[in-house]
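I have placed the structure first, in the form of structure tokens, so that the comments after it can refer back to it.
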Ligand SMILES: Cc1ncc(COP(=O)(O)O)c(C=O)c1O
């Protein structure tokens, strides 16, 4: 361990007087107006003008016909996944999920909320390895997955850290196999992708799509999420499921399993106040990413990559990977880690510890789903085919695993849009000192 505050490499550096966050809510004042309005008019429930307004505004912004506002992105992903399951395999009995007995191809390097709904619906997630150009689902690995499991009809794709994945290739593969896409745009609201010559917003690239207004997202409602679709029938179905699946009888009558997933008009008021600032937040996040790229250019690290021809990220989180040759000794167990300083080198463990010592929040890269204890027995497919069972007592090395490599060498940097350029320069200095 290093005593960063007294180490000569960090001489003259002081901890930040107030904590620098990874990504915290940024309020502007309009949020208060719409929350107050809801309370003043007594629309303090899961109906009201704020809900109607944010559904209209977000659908128009993303460029899809319908939006259904829900309690959170996870709820949106659950209903998006259930809807896909029901379309593909029919309505399930009340005690069964719609994906029972079926496999689903899923992004591997994402937050678990992307893919847990597959388990909620009794399906089996098959994790698809990551590509190194955008840190998203590898189309080549997806092709391999269809060789191994040609019967699969559903793909769950996330855009990590606000960077769009290779959606032209993924959509072409899905179309060739007659598969539906659930698009998880929770982290990428406002990011765009060039598809067949047209710029399309993430959240409008799949069949059933989801976004999140969680407190750490590019805009927030404190919580909240949305299901997005071009189909009126699908929007109506999700709205019905989200409000306990009530039928049109005078009493509580139910023909389907229901959920209490509708957003509150108060939370929707916060979202309503944030929508006008989405572009401003994206511009601030982009400036942060670009300052890191410039400020870290002389170090043996790389920023999280994106496709400059076919995409414009929302730059939600800035991340880096340490080049392999510059990795100092660093090991992780199930819940702890150990790193050792080596002059001229560093590691995610050391950099995150240094940032924490100076009162700045970073975070490890999202640990890939195929490495998570809960999903360790699920299939995992890489560009080489089956990614499981490749280790061997007699041969060194166990095959390609892009996600595991990014997780080992990568970290998320303080990316709060309220961080000043001066504060960010100090973060960049701390990272330089780690390598001294
Ligand atoms: C990729 C991804 N999917 C889904 C979610 C879930 O969204 P929520 O927290 O709104 O349920 C999150 C973040 O929270 C996320 O980062």
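The table for this structure:
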| read-out | value |
| --- | --- |
| Near pairs, Cβ below 6 angstrom, 6+ apart or cross-chain, from the range 199-225 (at positive phi) to any residue that is near the ligand (Cβ under 7 Å from one of its atoms) | 224/213 |
| Complete set of residues in the range 229-258 that are in contact with a helix residue (DSSP H, G or I) (Cβ under 6 Å, 6 or more places away or on another chain) and assigned to a strand (DSSP E or B) | 229 |
| 2 or more residues over 16 Å from residue 224 (Cβ atoms): qualifying helices (runs of 4 or more DSSP H) within the range 25-93 | 30-40, 73-89 |
| Of residues in the range 114-160 being part of a strand (DSSP E or B) and surrounded by fewer than 24 Cβ atoms within 10 Å (Cβ to Cβ), the one nearest to the chain's Cα centre (by Cα) | 126 |
| Residue 372 vs. criteria in contact (Cβ under 8 Å) with a residue 12 or more places away in the chain and more than 21 Å from residue 108 (Cβ to Cβ) | no |
| Top-ranked residue in the range 204-218 [being in contact with a helix residue (DSSP H, G or I) (Cβ under 7 Å, 6 or more places away or on another chain), within 12 Å of the ligand (Cβ to nearest atom) and assigned to a loop (DSSP other than H, G, I, E, B); ranked as nearest to residue 28 (Cα to Cα)] | 218 |
| Enumeration of residues in the range 178-192 that are away from the ligand (no atom under 16 Å from the Cβ) and touching a strand residue (DSSP E or B) at 6+ places or on another chain (Cβ under 9 Å) | 179, 180, 192 |
| Test result for residue 385, in contact (Cβ under 8 Å) with a residue 60 or more places away in the chain and at positive phi | yes |
| Residue check, residue 235 at pLDDT 95 or above, assigned by TED's automatic domain parsing to the domain that holds residue 165, away from the ligand (no atom under 16 Å from the Cβ) and closer than 20 Å to residue 89 by Cα | yes |
| So residue 280, is it under 23 Å from residue 69 (Cα atoms), out of contact with any helix residue (DSSP H, G or I) (no Cβ under 9 Å at 6 or more places or on another chain) and surrounded by fewer than 21 Cβ atoms within 10 Å (Cβ to Cβ) | yes |
| Qualifying positions in the range 60-111 - over 30 Å from residue 143 (Cα atoms) and under 20 Å from the mean Cα position of the chain (by Cα) | 61, 67, 68, 69, 70, 71, 72 |
| Test: residue in the range 7-20 that is surrounded by 22 or more Cβ atoms within 10 Å (Cβ to Cβ) and either away from the ligand (no atom under 14 Å from the Cβ) or not assigned by TED's automatic domain parsing to the domain that holds residue 357 (or both) | yes |
| Conditions (1) over 16 Å from residue 189 (Cβ atoms); (2) within 16 Å of the ligand (Cβ to nearest atom); (3) crowded, with 23+ Cβ neighbours inside 10 Å: number failed by residue 71 | (3) |
| Test: residue 272 is away from the ligand (no atom under 14 Å from the Cβ) and surrounded by 24 or more Cβ atoms within 10 Å (Cβ to Cβ) | yes |
| Within the range 183-203, considering residues that are closer than 30 Å to residue 91 by Cα and not in a loop (DSSP other than H, G, I, E, B), the one nearest to the chain's Cα centre (by Cα) | 184 |
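Every residue, every condition in (1) in contact with a helix residue (DSSP H, G or I) (Cβ under 6 Å, 6 or more places away or on another chain); (2) within 12 Å of the ligand (Cβ to nearest atom); (3) not assigned by TED's automatic domain parsing to the domain that holds residue 259, yes or no:
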position	(1), (2), (3)
67	yes, no, no
78	yes, yes, no
81	yes, yes, no
94	no, no, no
114	no, yes, no
119	no, no, no
142	yes, no, no
149	no, no, no
168	no, no, no
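The values are calculated or read from the model by the stated rules, or taken from the named source; none is laboratory data. Predicted model only: the values in this text are computed from it and were never measured. Note that each Cβ is placed from the backbone with ideal geometry, even for glycine, and that neighbours are counted across all protein chains shown.
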